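Trainee: Please find one structure pasted underneath; my questions will follow.
Rule-based calculations on the coordinates, nothing more; no lab input. As the structure is a computational prediction, the values presented were derived from the model and not from experiment. Note: ideal-geometry Cβ built from the backbone for every residue, glycine included; neighbour counts use all protein chains shown.
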Amino acid sequence: GDIIAYGTEPTLESPLCDQMSLKIASDWRGRSFCCVSGLGADGEIMLGEAYQRMAGIASENGFYGMLELNQNDLDRYRKILDGVPTECSKQLIRYIDACNGQEPLKSSRFSKLLDSLNSFANQPPISYSFAFPDHDHLFPEHEVQRYGIRNGTRTVELSLLTLGTLIFDPRAVWKSNLFAQESLITSNDNFLEVERKVRSRGICTELTHPE
């Protein structure tokens, strides 16, 4: 989900590949989509930050909706994990299994979350700020699961939104983030040039580690 990051999130560590891909998609003359699956599963964007960014993108009419997992999807996903297990990809299954048979895939809470995002459409654009209004009513504590990954160096926050594929307009995602607003990535840049500019802004990248 860190492809929708603004750029100044303190837990963001590897934005370059995501943002360069997003820039290409936003420049594409045909129709393109930015799809996010497993929101929060890698610990680079926290739930509150992600929700605020989604609200801002929705205010630019850039949120198209969400594809929910069904049981067939889940069964297929488990089979894939048997052959290609990664710590982050396991988090979705971890969330499902921790729900103790409460069938989160059928939860009516999906509709409430999507309605809350759609309510921002056609509203004045939302500027990114960590001082976003409290949204505990949307993410009750009993629905949010937190785990440590990467030997405890990251914390993931999982929610119902982790279980779907969120679909956005890449142009709305791109133009509302720091990388576009400060021209940190342009069409003429190569990877190392982008890395240098992003690092000069104090943003950690795939080639570096936090001090």
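Trainee: Exposed (fewer than 15 other Cβ atoms within 10 Å of the Cβ) and touching a strand residue (DSSP E or B) at 6+ places or on another chain (Cβ under 8 Å): does that describe Gly65?
Mentor: Answer is yes for this residue.
Trainee: Something else now. Determine if region 36-53 includes at least one residue that is among the polar types (S, T, N, Q) and either farther than 18 Å from Ile167 by Cα or touching a helix residue (DSSP H, G or I) at 6+ places or on another chain (Cβ under 6 Å) (or both).
Mentor: no
Trainee: Hey, can you tell me all the residues within region 2-35 that are of a type in the set (Asp, Glu), more than 18 Å from Thr162 (Cβ to Cβ) and surrounded by 17 or more Cβ atoms within 10 Å (Cβ to Cβ)?
Mentor: Once the filter is applied, which keeps residues that are of a type in the set (Asp, Glu), more than 18 Å from Thr162 (Cβ to Cβ) and surrounded by 17 or more Cβ atoms within 10 Å (Cβ to Cβ), region 2-35 yields only Glu13.
Trainee: State all residues of region 45-99 that are over 20 Å from Ser111 (Cα atoms) and part of a loop (DSSP other than H, G, I, E, B); if no residue qualifies, say none.
Mentor: Ile45, Met46, Glu60, Val84, Pro85, Thr86, Glu87, Cys88, Ser89
Trainee: Would you mention how many residues in region 1-44 are among the aliphatic types (A, V, I, L, M), in contact with an Asp or Glu (Cβ under 6 Å, 6 or more places away or on another chain) and either farther than 24 Å from Leu67 by Cβ or part of a strand (DSSP E or B) (or both)?
Mentor: 2
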